[in-house]
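Student: What follows is a single structure, and I will ask about it in a moment.
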Amino acid sequence: MSAKRIAVLVSGGGTNLQALIDAQRRGDTAGGEIAAVIASKPGAYALERAARAGIPGYVVARRDYPDSRAMTVALVDKLKELDIDLVVLAGFMVILTEEMVRAYPNAILNVHPALIPSFCGEGYYGLHVHEKALEYGVKLSGATVHFVSEACDGGPIVLQKAVEVEVDDTPETLQRRIMEQAEWVILPRAVSLFCQGRLQVEGRTVRILKQSD
Ligand code: GAR
């Protein structure tokens, strides 16, 4: 079986992209290859990380299109042109329209910095998620990797990892701990499982198949 061609979609710093690049270097994403990084903003630092790793970078900027549907269609065209099999949203801050899910059913993974269904949906992105978790006073938060469906943050869950909240946490310290202990661990793992063909979606449930020898 040929390696699955992965596109990582980013908007900012790209630490999750870096975790994927590092996992690929260690040989932990066998069966897959990061073939492209696509940013929603021209200056995204994630593009520098891609260039340093020798991965082609592209920009499909929201501001170049009249609405998010037009941007989504342009993005799908780019992904098809690049012959992409798996789309990974790694800190991608634009909400895509249904054209994307229709083009890549059960083949788009998103990492969200909370334990879905808590602190998710529209308006819950980046640091805001951690602000809300601290305001609520939860003792545990974490990260979720899920397949993208038409409902914002509502697709079938692939992996989750809990992280303890500490008494003197700020949104920044909580964000960092969740990235280190959860996101950078479960995102490469989910990508690897997908590339090995070990994720089977049954309604809302994702069954993780045993490794075949
Ligand atoms: C990450 O914490 C990611 O989970 C979050 O944005 C951050 C991006 O960091 N994504 C969302 O909130 C999407 N709803 P990164 O650019 O360093 O990977």
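The values are calculated or read from the model by the stated rules, or taken from the named source; none is laboratory data. Everything numeric here is computed off the predicted structure, so don't read it as measured data. Glycine gets a Cβ as well: all are built from the backbone with ideal geometry, and neighbour counts include every protein chain shown. In case anyone asks, the SASA skips ligands and DNA or RNA and just uses the protein heavy atoms, side chains included. Shrake-Rupley method; radii C 1.70, N 1.55, O 1.52, S 1.80 Å.
Student: Search segment 1-28 for residues being within 16 Å of the ligand (Cβ to nearest atom) and part of a loop (DSSP other than H, G, I, E, B), and hand back the single one that is farthest from Arg177 (Cα to Cα).
Tutor: Ser11
Student: Residue by residue through segment 164-192, note down the ones that are surrounded by fewer than 20 Cβ atoms within 10 Å (Cβ to Cβ) and either in a strand (DSSP E or B) or in contact with a Pro (Cβ under 9 Å, 6 or more places away or on another chain) (or both).
Tutor: Matches in segment 164-192: Glu164 only.
Student: Right, something else. Do you know which of the residues in segment 78-95 that are assigned to a loop (DSSP other than H, G, I, E, B) and in contact with a Lys or Arg (Cβ under 9 Å, 6 or more places away or on another chain) is surrounded by the most Cβ atoms within 10 Å (Cβ to Cβ)?
Tutor: Ile84
Student: While we're looking at this one, here's another question. Can you pull out the residues in segment 52-68 that are within 22 Å of Val111 (Cα to Cα) and either of a type in the set (D, E, K, R) or more than 19 Å from the chain's Cα centre (by Cα) (or both)?
Tutor: The one that is within 22 Å of Val111 (Cα to Cα) and either of a type in the set (D, E, K, R) or more than 19 Å from the chain's Cα centre (by Cα) (or both): Arg62.
Student: Next up: For segment 29-58, name all the residues that are in a strand (DSSP E or B), open to solvent by 50 Å² or more (accessible area, probe 1.4 Å) and within 16 Å of Leu193 (Cα to Cα).
Tutor: Glu33
Student: Residue check: is Leu17 touching a strand residue (DSSP E or B) at 6+ places or on another chain (Cβ under 6 Å), of a type outside the set (Lys, Arg) and touching a residue at least 60 places away in the same chain (Cβ under 8 Å)?
Tutor: Yes: the conditions hold for Leu17.
Student: From the list Glu122, Glu131, exactly one residue is surrounded by fewer than 18 Cβ atoms within 10 Å (Cβ to Cβ), of a type outside the set (S, T, N, Q) and farther than 14 Å from Met93 by Cα. Which is it?
Tutor: Criteria check complete, one pass: Glu131.
Student: Can you go through Ala53, Ala90, Ala74 and tell me which one is within 16 Å of the ligand (Cβ to nearest atom) and free of Cβ contacts under 8 Å to residues at least 60 places away in the same chain?
Tutor: After applying the criteria, what remains is Ala53.
Student: Tell me, which residue of segment 96-129 that is among the polar types (S, T, N, Q) and assigned to a loop (DSSP other than H, G, I, E, B) is farthest from the ligand (Cβ to nearest atom)?
Tutor: Asn106
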